[in-house]
1. Starting from residues that are aliphatic (A, V, I, L, M) and closer than 15 Å to ASP31 by Cβ, keep the ones in region 52-80 and report whichever is least open to solvent (accessible area, probe 1.4 Å).
2. What number of residues within region 1-28 satisfy the criterion of being modelled with pLDDT of 95 or more, open to solvent by 40 Å² or more (accessible area, probe 1.4 Å) and part of a strand (DSSP E or B)?
3. If I go through region 29-51 residue by residue, how many of them are open to solvent by less than 80 Å² (accessible area, probe 1.4 Å) and closer than 13 Å to GLU75 by Cβ?
4. If I go through region 43-72 residue by residue, how many of them are in a loop (DSSP other than H, G, I, E, B) and not small (Gly, Ala, Ser)?
5. Restricting to region 39-77, name every residue that is more than 11 Å from the chain's Cα centre (by Cα) and acidic (Asp, Glu).
Amino acid sequence: MTKSSTAFWRGRADCIVETDDYIYIFEFKRDASAKEALAQIEEAGYALPYASDKRKLFKIGVNFDSKERNMNEWEVEEIE
């Protein structure tokens, strides 16, 4: 299942993908950094609703460069 702009009490996650074994929380930025995107996932608590879920949980921060018109950076962190 894929959810976009999922509302949380402190904002909206850009995209959440759930499979039988994994949950991926994506945050997208433009002309910023993948680290900023990961920080937003953490600060806004987007992973909190999945704290008791047995599936593996990943935060994925992605940055797009508007001059290059392409994705130029991404970082992935597993939440344990």
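1. Per the stated criteria, the residue is VAL62.
2. 4
3. Adding up the residues that qualify gives 9.
4. Residues in region 43-72 being in a loop (DSSP other than H, G, I, E, B) and not small (Gly, Ala, Ser): 7 in total.
5. Selection gives GLU43, ASP53, ASP65, GLU68, GLU73.
The values are calculated or read from the model by the stated rules, or taken from the named source; none is laboratory data. Remember, it's a predicted structure, so these values are computed and weren't measured experimentally. Here the Cβ is made from the backbone with ideal geometry for all residues, glycine too, and neighbour counts use every protein chain on show. We work out accessible area using only protein heavy atoms, side chains counted, and drop any ligands, DNA or RNA first. Shrake-Rupley method; radii C 1.70, N 1.55, O 1.52, S 1.80 Å.
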